[in-house]
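Down below is the structure, laid out as structure tokens.
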Amino acid sequence: MTETSKEYAVALFSLAVEEQLEKTVSDGLKTVSRVLRETPEYLDFLASPNIPIQERVGAIDKAFSDGVHEYVVSFLKILCEKNNVRYVHKIIGDYEDLYHAKDGISTAKVISAVPLKKDEKEKLKAKLEAFCGHTVIMECSSNSAILGGVIVHIDGKVLDGSLRRRLRDIKEKIET
């Protein structure tokens, strides 16, 4: 679904750029994302093939027509009609990547073994900005499975500084 989600994101972003509505559409998508994350059963409703499409599309109008730009509402309807509404979060993420790339901003998904402290986040952000040469927005999460260190996904690259990877590298050297 990755290619399809990127195609949807590119199509919406192209329209937004053409109409000079990149930020407006981005804000609308953030609203949609927030609502769907807060009420996951609503996304289940929109994706349900057992509910008539007219009812699902009507629900989109009712929920979002007053709060987000008409392009975002129409976009959601298209996703619903094409049975791709389940991928809305991925599509929104892809749109945001395009939006930030246009402004020279990268989003770094940072995974650490334990939650990073404020000063650690600031130091890492400074290093990532020096590495990329532009502004970086960090999305941090933790996963104890990496044992220690951090893994960073940025601009299509993976920077793996995890203890798990280092131990795997040592093991491979010992085995050869």
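The values are calculated or read from the model by the stated rules, or taken from the named source; none is laboratory data. Model, not experiment: these values are computed from the prediction. Because the Cβ atoms are built from the backbone with ideal geometry, glycine has one as well, and the counts that use them run over all protein chains shown.
Tabulated results
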{"quantity": "Residue within the stretch 15-36 that is more than 21 Å from D94 (Cβ to Cβ) and either free of Cβ contacts under 8 Å to residues at least 24 places away in the same chain or outside the structural domain of D94 (by TED's automatic domain parsing) (or both) present", "calculated": "no"}
{"quantity": "Contacts under 8 angstrom Cβ, first residue in the stretch 114-131 being at positive phi, partner surrounded by 15 or more Cβ atoms within 10 Å (Cβ to Cβ), 6 or more apart", "calculated": "none"}
{"quantity": "The stretch 9-27: number of residues that are surrounded by 12 or more Cβ atoms within 10 Å (Cβ to Cβ) and over 18 Å from N84 (Cβ atoms)", "calculated": "8"}
{"quantity": "Candidates A63, A59 - the one that is among the aliphatic types (A, V, I, L, M), free of Cβ contacts under 8 Å to residues at least 24 places away in the same chain, surrounded by 13 or more Cβ atoms within 10 Å (Cβ to Cβ) and part of a helix (DSSP H, G or I)", "calculated": "A59"}
{"quantity": "Enumeration of residues in the stretch 1-52 that are of a type in the set (G, A, S) and more than 16 Å from K77 (Cβ to Cβ)", "calculated": "S5, A9, S14, A16, S26, S33"}
{"quantity": "Test: residue in the stretch 111-120 that is of a type in the set (A, V, I, L, M) and in the same structural domain as Q54 (by TED's automatic domain parsing)", "calculated": "no"}
{"quantity": "V152 being under 17 Å from the mean Cα position of the chain (by Cα) and part of a strand (DSSP E or B)", "calculated": "yes"}
{"quantity": "Residues located in the stretch 1-33, provided they are outside any loop (DSSP other than H, G, I, E, B) and either touching a Ser or Thr at 6+ places or on another chain (Cβ under 6 Å) or hydrophobic (A, V, I, L, M, F, W, C) (or both)", "calculated": "A9, V10, A11, L12, F13, L15, A16, V17, V25, L29, V32"}
{"quantity": "Subset of the stretch 155-176 that is part of a strand (DSSP E or B) and touching a Gly at 6+ places or on another chain (Cβ under 6 Å) - its residue that is surrounded by the fewest Cβ atoms within 10 Å (Cβ to Cβ)", "calculated": "G161"}
{"quantity": "In the stretch 99-134, residue nearest to D44 (Cα to Cα) [restricted to those that are at pLDDT below 90 and assigned to a helix (DSSP H, G or I)]", "calculated": "H100"}
{"quantity": "Filter result for the condition that a residue is in contact with a Gly (Cβ under 9 Å, 6 or more places away or on another chain) and surrounded by 15 or more Cβ atoms within 10 Å (Cβ to Cβ), over V88, V114, V72, V110", "calculated": "V72"}
